[in-house]
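Since the structure comes first, as structure tokens, the remarks are kept for the end.
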Amino acid sequence: SVSRLLYLLQQETSSTELRTECAVVLGSLAMGTENNVKSLLDCHIIPALLQGLLSPDLKFIEACLRCLRTIFISPVTPEDLLYTDATVISHLMALLSRSRYTQEYICQIFSHCCKGPDHQTILFNHGAVQNIAHLLVSTSYKVRMQALKCFSVLAFENPQVSMTLVNVSVDGELLPQIFVKMLQRDKPIEMQLTSAKCLTSMCRAGAIRTDDSCIVLKTLPCLVRMCSKERLLEERVEGAETLAYLIETDVELQRIASITDHLIVMLADYFKYPSSVSAITDIKRLDHDLKHAHELRQAAFKLYASLGANDEDIRKKIIETENMMDRIVNGLSESSIKVRLAAVRCLHSLSRSVQQLRTSFQDHAVWKPLMKVLQNAPNEILVVASSTLCNLLLEFSPSKEPILESGAIELLCSLTQSENLALRVNGIWALMNMAFQAEQKIKSDILRGLSTEQLFQLLSDSDVNVLMKTLGLLRNLLSTRPHIDHIMSTHGKQIMQAVTLILEGEHNIEVKEQTLCILANIADGTTAKELIMTNDDILQKIKYYMSHSNAKLQLAAMFCISNLIWNEEEGSQERQDKLRDIGIVDILHKLSQSSDPNLCDK
């Protein structure tokens, strides 16, 4: 039984041969089912094996490490078990010099147990980079490969590690040069892919420039090769995902990738799995295809999203690829949440194109599945989907009308109440886009949906982005005279309170300027004007900002005045007299002497 084997393994009095055999047998058991591994973990096999590493006998140490490796690569083993005792990592680093087997197994353990920044930092602080670097030139392929995998997980999204790697050299050769050699076409595919991942992480961390030849001429073409039909499905998934990450934020790399080896067309093939099964012998392949079909679609959507992030021509090429819009629309309703997220990201990337919003997005009624995705989705999908909705609600987008009819206002108003900042911003941003040049009914619906309490809530939000978008919404609601008068007749008191609140608060210039612009819009109303003229506090504030040290605020305050005094409008004489009485004319005289030509003219 397992407990008997573990007992013998731990007996100092047992012969080393017997203890080694026990470790070998336990290692074989660990290669069985996940339940085998679970029962070994329940018997506390890890502390027993770690204790075994303190033995002087190398063969026994190797057997313990091999067994530990097998247990740690199982998905049921919690990685944290490696880090519970800090001395373990130091001891493993020391054992790296003992033999090629200790090197292979320890690197494999590290690369499987390094999940996230905390683990990266622990390994980094224990000298992982220095201890593992020289293994990249080992005579054993397995050792080289496991060392490379270690670097790929250590450097992933980790600027500290990446910046260190750039300057490390082995036998007079810098690591980036060693990685480049490892991605040549004659090397095994897993080696090419893993070294491309290392160089990608270093590039994204800013340790290697995006226009460096090792990225443009080596890493990028290697990753594109990984997307071709010749590669295994898993390789194509990893190649596309890594490439998507490499080019995600760089326009030039996006352009280069888009014209390398017909990549855009090559990716269309990712949607053709599982392929039709011709004979019963293909059942195994069908099973394999089905397992990877989701991952392939997810990877293709991610890479299309990165490719189309900035360039109008690339977006056009993507959309013109066979049935692309249908594929995205289908992706939005897939059962796999990862595919849904990737499809929404892809749609978001393409929705940045004015041209596509007017054409393909319209032809495929993309807004329908998008609105469906927005119903009770998890936050990470909601954030991207609501950003996409913002674009679909821009004034030139033909989708604007049907989206309104499908209950968007209610949905967006509820987003503005979210705990999640990105969702609040997107909710209010989408409403701001919706209100731009909209008809009066829509504006009234938005105000009703938001409620005055919520409006004040948003205007006192701690995030300046939320505040600016809310002011943008108010400014869009208060445009064109009849609308201004209508809204001020129903919500005038609250809106004037909000304006006062902000002009008195500690806010930056942009916020104050936007608020004065709202006042200028109110001053442009026919009946709404009176709400300013009868409010001495607001008039004093306008006067104060006319003499402010910032020219933008002075100009905005003057707009308010000019909208109040048009001669051809009824009551203009009385308004002019009142403004003269509070000293506005004196300030205007002073400003006409200003050195700023804009202020002077106004």
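Each reported figure results from applying straightforward, stated rules to the coordinates on display, with no laboratory input. This one's a predicted model, so the numbers in the text were calculated from it and none came from an experiment. Cβ placement follows ideal geometry from the backbone for every residue including glycine, while neighbour counts extend to all protein chains displayed.
Tell me the relative contact order for the chain as a rounded percent, counting alpha carbon contacts under 8 Å between residues six or more apart.
Once normalised by length, the contact order is 5 percent.
Under 20 Å from a point 7 Å along the Cα-to-Cβ line of Asn35: which residues of the range 56-84 have their amide N that close?
Only 71, 74-78 pass the distance filter.
So which GluC sites (Glu not before Pro) in the range 522-577 end up in coil per DSSP with only 10 or fewer other C-beta atoms within 10 Å?
Listed in order of number, the matching sites are Glu568, Glu570.
If you place +1 on the Cβ of every Lys and Arg, -1 on the Cβ of every Asp and Glu, and leave all else neutral, what size is the dipole of the range 372-529 about its Cα centre, to the nearest 20 Debye?
340
Can you compute the helix-only [θ] at 222 nm over the chain? Use -39500 (n - 2.57) per DSSP H run of at least 4 residues, normalise by all residues, nearest 500 deg cm²/dmol.
Mean residue ellipticity, 222 nm, calculated: -21000 deg cm²/dmol.
Grab the beta carbon distance between Gln11 and Glu334, set R0 = 51 Å, and tell me the FRET efficiency rounded to 0.05.
Computed FRET efficiency for Gln11 and Glu334: 0.40.
Could you please state, rounded to a whole Å, how far the C-alpha centre of the range 45-62 is from the C-alpha centre of the range 577-601?
87
Out of the range 246-335, which trypsin sites (Lys or Arg not before Pro) are coil in DSSP terms and have no more than 12 other C-beta atoms within 10 Å?
Sparse-neighbourhood loop trypsin sites (Lys or Arg not before Pro): Lys272.
Can you match Cα Rg over 2.2 N^0.38 Å to one of these, [x] 1.66; [y] 1.13; [z] 1.30, based on a calculation from the structure here?
Derived directly from the coordinates: [z].
Any idea how far apart Asn379 and Leu394 come out in nm if each label point goes 7 Å out from Cα toward Cβ?
Going from the Asn379 label point to the Leu394 one covers 2.8 nm.
Just want to confirm a number: the relative contact order over the range 478-601, from Cα pairs under 8 angstrom separated by 6+ residues, in percent.
22
Please go through the range 316-415 and write out the GluC sites (Glu not before Pro) that DSSP classes as loop and that have at most 14 other C-beta atoms within 10 Å.
For GluC sites (Glu not before Pro) across the range 316-415 that sit outside H, G, I, E and B with at most 14 neighbouring Cβ atoms in 10 Å, the list reads Glu320, Glu322, Glu395.
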